[in-house]
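The values are calculated or read from the model by the stated rules, or taken from the named source; none is laboratory data. Just so it is clear, the structure is predicted and the values come from calculations on it, not from any experiment. FYI the Cβ positions are ideal-geometry reconstructions off the backbone, even for glycines, and counts take in every protein chain you see. To get the accessible areas, we keep the full protein, side chains included, count just its heavy atoms, and leave off ligands, DNA and RNA. Shrake-Rupley method; radii C 1.70, N 1.55, O 1.52, S 1.80 Å.
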Amino acid sequence: MLNITDLHVNVGDSQIINGLNLRIKAGETHAIMGPNGAGKSTLASTLAGRTTFDVTSGSVDFEGQNLLEMEAHERVAAGLFLGFQYPVEIPGVSNLNFMRTAMNSIRKQLGKSELSAGEFLKEVRTVAAKLDMDFDMLKRFVNVGFSGGEKKRNEMVQMAMLNPKLAILDETDSGLDIDALRIVSDGINAQRRDDTAILMITHYQRLLDYVKPDFVHVLSAGQIVKSGGPELARELEEKGYAAVA
Amino acid sequence: MMPFDFIDHYLNTASSLSGDAVARRDAVQAALKDGLPTSKHENWRYTNLKALKSNAFALTSVADQNEMVIEDGLKDVSARLVFINGHYSPEQSQFFDERAKASIRISDEYSSALAVPDKTDVITGMNAGLMQAGAVINVAENCVIDLPISIQHISEGADYGAQFIRHTITLSEGASASVIEAFTGNDKTYWTNAITNIKLCDGAQLDHVRLSEEGVNAVHTSKAFVLMDAKAKYHALTLSLGGETTRFESHVRIQGEGAVATIDGAALASLGTSHDALTHIDHTVPNAHSDQVFRTIASKRGRTSFQGKVTVAQNAQKTLADQSFRALLLDRTGEANAKPELEILADDVKCSHGATVGELDENALFYMQSRGIDPDTARQILVEAFTGDALARLSEGALKDMLVAKTQNWMRTHLTSEAI
Ligand SMILES: Nc1ncnc2c1ncn2[C@@H]1O[C@H](COP(=O)(O)OP(=O)(O)OP(=O)(O)O)[C@@H](O)[C@H]1O
Ligand SMILES: [Mg+2]
């Protein structure tokens, strides 16, 4: 599904991603761990199409397409989703309006007709209920005044609505209380199918107890320095990055 | 000696108008003795009136209306008053509501009366002397006119027409009405000089919208003078979408306790146009409230400005006066200027003002794009949300829908990537 080869990414003059390789197949769940500032969010944003990050060399193939040639919104229509580490507040734009515009923009790109207001509302109500998100929160401005955990849950509502092929989840677990973590994990697990893949970025074993990854990678100084199974996460938790990677 | 030739012309024109010819001439002469204001005048720092100095300017004349179709975008109004080239058009105007009909007459008589004095301003003085026509709206005690009174001003003249319009609105005790003044025109060089004199008696309520969709070469200067008695409510919205230069002034004097004035405005500037707002809220009594929300957008050499003055008299204790101006510059060539001014002589008051000039939030744009929304749409949504603050107070309904649609339409034509 996703094939990253020798990726180099700069921000301004400094190189953040430094010859990174990663291959994710349909049906797989991957976790990336790594110290602060290693470049995890940079990788995620680069894959999502943020233009402030400058790809200086390497290639990324997504479902047979050259991902790096696509604009951010086109990547979403192709099936890629990024759950933000820091979801953005948009004053003046209601969550419902935002999501409906997003879904219809994607449908338009795919040559499908717009969702009616009724169809959309029915779907969003079902999804929000599953993620234990109050319908009133959907009427509020996007993320404005949401608590840290509420913002992350809102990301999961958006993921479920957009139903991506590949979901990249950047620290979706941080800031969640114990109950919310379980709810969000259920949301991620529901998104795991034979035809989808998940890439989770996390600092904590806790999430991986709920969403069991097939592969765990350590990202350090812009490279994947070690890969393994779920046991690698435990080892990291016990010994720290310095000892393991 | 007059400093500019064009003044002679205006003087000659004044005496040809109806009403007291001498008074009209004197008014123009007095107004123009120092010429048009320049950027050296404090109140005119940001508005350039050079275009008006052309000798060629002449009063507009009655237009041929045979082919004209007037469209104000409002299905339900209590009355539709149509002024073409500064002249009232009985053929195009319509009354749908008996109360509105009983409340409105049309006048072309000279009047220098102002609800709030503005003696020194040239533009105001010229309007007194050269006024061609206007509506006189008197709403009787406790009379409620629910549907808007729509006043359409259309400029369909030749180059260098100047139209002088002067409306008077008086709401007696407990009366309530809503008035929209819309200005449109062709692409000739012309000047609209409009004044609206407003008196709101105890407990009266007025919603007052001014909309400029003037032609691309037009200069629009309009001023509202508002006098408020106790518990009166005045809600104003100015929406500046057109004209080469559009300038809205609002001069509000609160002389009755418990009055509430909400003065909002949005201006969208692009392609070298200039959109200015100047307000002065004068609190002369205790326990009154004023609040102002102005939002402007500037792209492609567009310029916007806001000069907001609040004065609070020594005895005007417990005054609440807030003011918020925010501007978005969509590219490096856009310009925004803000000059808040507070003169507070009372000690027990709550007054605030804020002015910020910023750019579109890149993070929000990327966030939207990362949900599948294309950059043009994302930009439009953000801009609309931004200007939406200024329209938020307008009550829901057809009038608001129409104004929102007009701002959206402006954005579609000016903010797509091809346009930028
Ligand atoms: N826009 C930017 N401008 C300058 N430096 C940046 C920018 N974005 C990221 N960086 C730098 O790139 C490096 C990697 O940042 P990144 O956010 O990818 O780290 P991370 O692995 O996600 O860390 P964390 O675990 O703390 O979230 C950091 O040194 C950061 O300061
Ligand atoms: Mg990060």
**Report entry** Taking the C-alpha atoms of chain B, convex hull volume expressed per residue in Å³
**Finding:** 142
Report task. Could you provide, to the nearest whole Å², the per residue accessible area of chain B with probe 1.4 Å? Result -> 39
Query raised in the report: Counting alpha carbon pairs within less than 8 Å and at least 6 residues apart, what relative contact order, in whole percent, applies to chain A?
Result: 28
**Report entry** For segment A:86-110, residues shielded by at least 50 square angstrom of accessible area compared with the chain on its own, probe 1.4 Å
**Finding:** A:Val88, A:Ile90, A:Phe98
Report summary line: Looks like segment A:19-63, by Cα gyration tensor root eigenvalues a ≥ b ≥ c and the a/c under 1.5 rounded cutoff (else prolate when a/b is bigger than b/c, oblate otherwise), is oblate
Report summary line: Probe 1.4 Å, heavy atoms of protein chains only: per residue, the accessible area of segment A:2-244 in Å² is 44
Query raised in the report: How many Å³ per residue does the convex hull of the Cα positions in segment A:2-244 occupy?
Result: 123
Requested in this report: With no solvent and one equal point scatterer placed on each C-alpha of segment A:200-245, evaluate the Debye formula and give log10 I(q)/I(0) for q = 0.33 Å⁻¹, two decimals.
Outcome: -1.46
Query raised in the report: Which percent, nearest 5, of DSSP beta bridges in segment B:1-154 are antiparallel?
Result: 55
Report summary line: Across A:Thr46, A:Thr172, A:Thr101, the residue with the highest GNM fluctuation in chain A (Cα network, 10 Å cutoff) is A:Thr101
Report task. Quick one: work out the % antiparallel among DSSP beta bridges in the protein assembly as shown, nearest 5. Result -> 15
Query raised in the report: How well do other chains shield peptide B:357-370, expressed as the mean number of their Cβ atoms within 10 Å of each residue Cβ?
Result: 6
Query raised in the report: Under unit Cβ charges (Lys, Arg +1; Asp, Glu -1), what dipole magnitude, rounded to 20 debye, does segment A:2-244 have relative to its Cα centre?
Result: 420
Requested in this report: For the protein assembly as shown, report the convex hull volume of the alpha-carbon atoms normalised per residue, in Å³, without decimals.
Outcome: 186
Report summary line: From the Cα centre of segment B:48-105 to that of segment B:257-312, the distance in Å is 26
Query - Other protein chain Cβ atoms within 10 Å, averaged over every residue that makes up B:276-282 - result: 0
Query raised in the report: Across peptide A:137-148, what mean number of C-beta atoms from other chains lies inside 10 Å of a residue's C-beta?
Result: 1
Query raised in the report: Using a 1.4 angstrom probe and counting only protein chains, how large is the accessible area of A:Phe215 in Å², to 10?
Result: 80
Requested in this report: Using the structure shown, list the pairs from B:Lys50/B:Lys400; B:Lys40/B:Lys309; B:Lys231/B:Lys318; B:Lys33/B:Lys199; B:Lys300/B:Lys400 with a Cα-Cα distance above 24 Å, or answer none.
Outcome: B:Lys50/B:Lys400; B:Lys33/B:Lys199; B:Lys300/B:Lys400
Report task. Would you mind giving the total buried accessible surface between chains B and A, with a 1.4 Å probe and ligands, DNA and RNA left out, rounded to the nearest 100 Å²? Result -> 1800
Report summary line: In Å, the Kirkwood estimate of hydrodynamic radius for segment A:120-245 over Cα pairs equals 15.7
Query raised in the report: For chain B, which whole-number percentage of the solvent-accessible area (1.4 Å probe, protein heavy atoms only) is attributable to carbon and sulfur atoms?
Result: 48
